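Some notes on the structure that comes next.
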């Protein structure tokens, strides 16, 4: 079942024998958000990029204008000021009325046939590929046209976090994984305080982790990667 932040608090207090004085709401908010981050870490590893918090009101992509003569574009936050965790797919359109087309990802640090990304010649044209370095992308060739919303960038981003004033807010993850959000804080509190329930909570936490891996591993979708073709040599003699 899905749990509200109040539900999570009450579960933690009951399991650990604490209350709002010995384990404050503000502390629980921080610890629950760290548990939420861990669910995201597990989920993104298992599912690739097809993961987003249900509480976000906008879809996980952003658009940005292309600038004539500008190769690099950097992204730190989305349009709602959520921290961008990764860039997974890049699309480009040649004019404000044309359709978006997916660009091919390449790696200018270790790939082949990528000299045009760093040779300093800055050849211009319609970009067909991109390199991702840090929080930025580098288009190749350099755009010759300025286009409104010329780039559409698919991203993963941070979760929508709890605050200490939340009561009915529900975490935007799979409802069958919500127990992780109270088990991790409860276990860590019990461990740090030397409570007798720590060992049992650790086992419960591992079971919850496996469930997260199973739930988010069901419908994975690969993010854009620079696929390499390897040749297998067989000796038939």
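Values quoted throughout were computed directly from the atomic coordinates according to the rules given, and no laboratory measurement underlies them. What you see is a predicted model; the values in this text were computed from it and never measured. Neighbour counts run over all protein chains shown; Cβ positions are idealised from the backbone, glycine included.
Things worth noting here:
- From the alpha carbon centroid of the stretch 25-79 to that of the stretch 145-205 is 13 Å.
- Using the Cβ-Cβ distance between residue 210 and residue 101 with R0 set to 35 Å, the FRET efficiency from 1/(1 + (r/R0)^6) comes to roughly 0.30.
- For 117, 83, the sequence from fewest to most other C-beta atoms within 10 Å is 83, 117.
- The stretch 61-157 shape via C-alpha gyration tensor axes, a/c threshold 1.5: oblate
- Residue order, fewest to most surrounding Cβ atoms within 10 angstrom, among 204, 192: 192, 204
- Here the residues 1, 108, ranked from fewest to most Cβ neighbours within 10 Å of their Cβ, fall in the order 1, 108.
- On full extension, the segment bounded by residue 59 and residue 72 gains 2.3 nm, given 0.36 nm per residue less the C-alpha separation.
- The chain: most fluctuating residue of 88, 74, 178 per GNM, C-alpha cutoff 10 Å: 74
- Calculated FRET value between residue 203 and residue 112, using beta carbons and R₀ = 45 Å, to 0.05: 0.35
- Theoretical ellipticity at 222 nm over the chain - DSSP helices of four or more residues, -39500 (n - 2.57) apiece, nearest 500: -9500 deg cm²/dmol
- Spin-label proximity, residue 169 to the stretch 21-42 - amide N less than 15 Å from point 7 Å beyond Cα toward beta carbon: 25-37
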